[in-house]
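Structure record follows, encoded as structure tokens.
The values are calculated or read from the model by the stated rules, or taken from the named source; none is laboratory data. All values derive from a computational prediction rather than experimental measurement. Note that each Cβ is placed from the backbone with ideal geometry, even for glycine, and that neighbours are counted across all protein chains shown. The protein model used for the area step is the full one, side chains on, heavy atoms only, and it has no ligands, DNA or RNA in it. Shrake-Rupley method; radii C 1.70, N 1.55, O 1.52, S 1.80 Å.
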Amino acid sequence: MDLSYIFIEKNQIKVNQMNASEINLHEIKSCAENAALKAATEILRLHNDGFLINEKGPANLVTEADLLAEKTIIEQIKLQFPTHSFLGEEAAKAAINEDNLWVIDPIDGTNNFAHGIPHIGISIAYCQKGIPVVGVVYQPFSREMFSAIKNEGATLNDRKISVSKAKNISESVIVTGFHYDFGSHITDSLKAIEVLIQKNCHGIRRFGAASMDLCYVACGRFDGYYELKLCPWDFAAGMLIVKEAGGITRNLFGEELTLNDYKLIATNPQIYEELKEILTEVGAFNK
Ligand code: IPD
Ligand code: CA
């Protein structure tokens, strides 16, 4: 028997198996990127031509573009993956732990979009058993495509990105956001802003699109982000992109962030403890 032949054959089988799983997630990533680009075309068209706006609740808007973009993304993904499930901000409502789940925010930053402010993210995450393994966030106005595959790093327009190197809050720009309804999360967020200013941080920002806030942390434009009330579609793709760029994403207990959480911190590794301490001090993480 030719043993060397068997050895080579076994190795080849192993290599082929590895490639199969790799190719799968790369295929998923390009499918998500294509779906985001398709949705972007519709969003930009409506931005130019005009669109209808409705209120889901006080200050909580939904536009014609949100609905059309979610429909476009799902239709596009279904062409390639007809059996997969979808959880979207507007219509699709599968459960978080379903297998082969796509979590979609068709326009993150709807209020920006409705007011003509060109800062939004089209956020698409592909999850296995509730864990994002591919994440894509596309900003159609700046044409920036942020992408990540679990354990393979994160990119911005195909170039590797990493979180900042700021060592403490006093050399950081911190971003946050506020949910539409008024509650203790708003007062806690505001108290934290006061402390951050006292600590001479380089700036506080509120840009209005959580998915983009996370991507800006991932590429080092922001050093840290916190928000005290979010939905899974706001952060599913962004959390993976931050982690793959070398950042930290945690929930209110200091545990690894999951899609069941709604309060979160995302930072570079150096400033995590300091930001967490501030949020604990103002009571944000005790509720
Ligand atoms: C909102 C944005 C905003 C954040 C809100 C989100 P939407 O998402 O991400 O930055 O502060 O909590 O609800 O409604 O524009 O998709
Ligand atoms: Ca959102």
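Is one or more of the residues making up region 174-190 surrounded by 15 or more Cβ atoms within 10 Å (Cβ to Cβ), away from ligand 1 (no atom under 11 Å from the Cβ) and over 19 Å from Glu244 (Cα atoms)? Checking region 174-190: at least one residue is surrounded by 15 or more Cβ atoms within 10 Å (Cβ to Cβ), away from ligand 1 (no atom under 11 Å from the Cβ) and over 19 Å from Glu244 (Cα atoms).
Condition first: touching a Phe, Trp or Tyr at 6+ places or on another chain (Cβ under 6 Å) and among the β-branched types (Val, Ile, Thr). Can you find one or more residues in region 246-267 that meet it? Yes, there is a match, as at least one residue in region 246-267 is touching a Phe, Trp or Tyr at 6+ places or on another chain (Cβ under 6 Å) and among the β-branched types (Val, Ile, Thr).
Check every one of the helices (runs of 4 or more DSSP H) wholly within region 199-287 and list those with 1 or more residues that are free of Cβ contacts under 8 Å to residues at least 12 places away in the same chain and more than 14 Å from ligand 2 (Cβ to nearest atom).
The qualifying helices (runs of 4 or more DSSP H) are 272-281.
Answer yes if at least one residue in region 41-61 is at pLDDT 95 or above, in contact with a Leu (Cβ under 7 Å, 6 or more places away or on another chain) and either within 13 Å of ligand 2 (Cβ to nearest atom) or hydroxyl-bearing (Ser, Thr, Tyr) (or both), and no otherwise. No - not one qualifying residue is present in region 41-61.
Ile107 fulfils the conditions (1) more than 14 Å from ligand 1 (Cβ to nearest atom); (2) under 17 Å from Cys215 (Cβ atoms) except for a single criterion, (1). Looking across region 173-189 at every residue that is in a helix (DSSP H, G or I) and more than 19 Å from Tyr272 (Cα to Cα), the one that is nearest to ligand 2 (Cβ to nearest atom) is identified as His185. Residues of region 151-165 that are open to solvent by less than 80 Å² (accessible area, probe 1.4 Å) and on the phi < 0 side of the Ramachandran plot: Glu152, Ala154, Thr155, Leu156, Ile161, Ser162, Val163, Ser164.
Within region 160-198, can you find the residues that are aromatic (Phe, Trp, Tyr) and free of Cβ contacts under 8 Å to residues at least 12 places away in the same chain? Give the derivation first.
Looking only at region 160-198, we keep the residues that are aromatic (Phe, Trp, Tyr), and these are 178, 180, 182.
The one that is aromatic (Phe, Trp, Tyr) and free of Cβ contacts under 8 Å to residues at least 12 places away in the same chain: Phe182.
Considering region 125-138 alone, what residues qualify as being part of a strand (DSSP E or B) and away from ligand 1 (no atom under 13 Å from the Cβ)?
Across region 125-138, the qualifying residues are Ala125, Tyr126, Cys127, Gln128, Ile131, Pro132, Val133, Val134, Gly135, Val136, Tyr138.
Annotation note: Cβ proximity below 6 Å between a residue of region 97-116 that is farther than 29 Å from Glu27 by Cα and a residue that is within 11 Å of ligand 1 (Cβ to nearest atom) and not in a strand (DSSP E or B) (sequence gap 6+ or interchain) occurs for Asn112/His119; Asn112/Ile120; Asn112/Gly208; Phe113/Ile120. Restricted to region 197-221, and to residues there that are open to solvent by 80 Å² or more (accessible area, probe 1.4 Å) and over 19 Å from Tyr272 (Cβ atoms), the residue that is farthest from ligand 1 (Cβ to nearest atom) is Gln198.
Restricting the first member to region 117-131 and to residues that are small (Gly, Ala, Ser), and the second to residues that are open to solvent by 10 Å² or more (accessible area, probe 1.4 Å) and at pLDDT below 95, the beta-carbon pairs closer than 7 Å and six or more apart or on different chains are Gly130/Ile96; Gly130/Asn97.
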